[in-house]
Amino acid sequence: MNKTNPRLESLIRMLKAASRDNEANVWREIAGRLDTSSKNHAEVNVGKINRYAKENEIIIVPGKVLAAGTIGASVKVAALNFSDAARDKIVSAKGTCMTIEELVAANPKGSRVRILR
């Protein structure tokens, strides 16, 4: 791990620890996806979230959420980054935007989390 982004480096470390401590493989999977070149990180549009997410579902994006498309479902979305417009669209659909760190703190077992990439 030779990252120049200190937040990303500590997030990957924290995800691996959470995976070990809680026996939650989802966190190790996310750590593995983030522990690659940033050009390989996911870029997911809100339209894709709208297509695949059910109402009140928890979605995790190991990368950035972008604003193309519309969203009507009220979902919780955790991601490395959000564009401002994507954040606005999710919140106006009565959804929640959070960091991956906040999701791990709120749901250490990683239960009922859907990964979108």
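The values are calculated or read from the model by the stated rules, or taken from the named source; none is laboratory data. Everything numeric here is computed off the predicted structure, so don't read it as measured data. Reconstructed Cβ throughout: ideal geometry from the backbone, glycine too, with neighbour counts over all protein chains shown. Side chains are part of the model used for accessible areas, which takes the heavy atoms of the whole protein and leaves out ligands, DNA and RNA. Shrake-Rupley method; radii C 1.70, N 1.55, O 1.52, S 1.80 Å.
Observations on the structure shown:
- Scanning region 90-111 for residues that are more than 12 Å from the chain's Cα centre (by Cα) and either open to solvent by 50 Å² or more (accessible area, probe 1.4 Å) or closer than 22 Å to Lys16 by Cα (or both) gives Val91, Ser92, Lys94, Ala105, Ala106, Asn107, Pro108, Lys109, Ser111.
- Residues satisfying the stated conditions in region 22-31, i.e. open to solvent by less than 40 Å² (accessible area, probe 1.4 Å) and out of contact with any Lys or Arg (no Cβ under 6 Å at 6 or more places or on another chain): Val26, Trp27, Ile30
- The test for being more than 27 Å from Ser10 (Cα to Cα), among the basic types (Lys, Arg) and modelled with pLDDT of 95 or more holds for Lys48.
- Flag for Ala17 being within 14 Å of Val104 (Cα to Cα), among the hydrophobic types (A, V, I, L, M, F, W, C), over 15 Å from the mean Cα position of the chain (by Cα) and not in a loop (DSSP other than H, G, I, E, B): yes
- So Ala85, is it aliphatic (A, V, I, L, M) and more than 16 Å from Val113 (Cβ to Cβ): yes
- Looking across region 68-81, the residues that are touching an Asp or Glu at 6+ places or on another chain (Cβ under 8 Å) and either open to solvent by 30 Å² or more (accessible area, probe 1.4 Å) or assigned to a strand (DSSP E or B) (or both) come down to Lys76, Ala78.
- Residue ID - surrounded by the fewest Cβ atoms within 10 Å (Cβ to Cβ), chosen from residues in region 39-67 that are part of a helix (DSSP H, G or I) and in contact with a Leu (Cβ under 8 Å, 6 or more places away or on another chain): Tyr52
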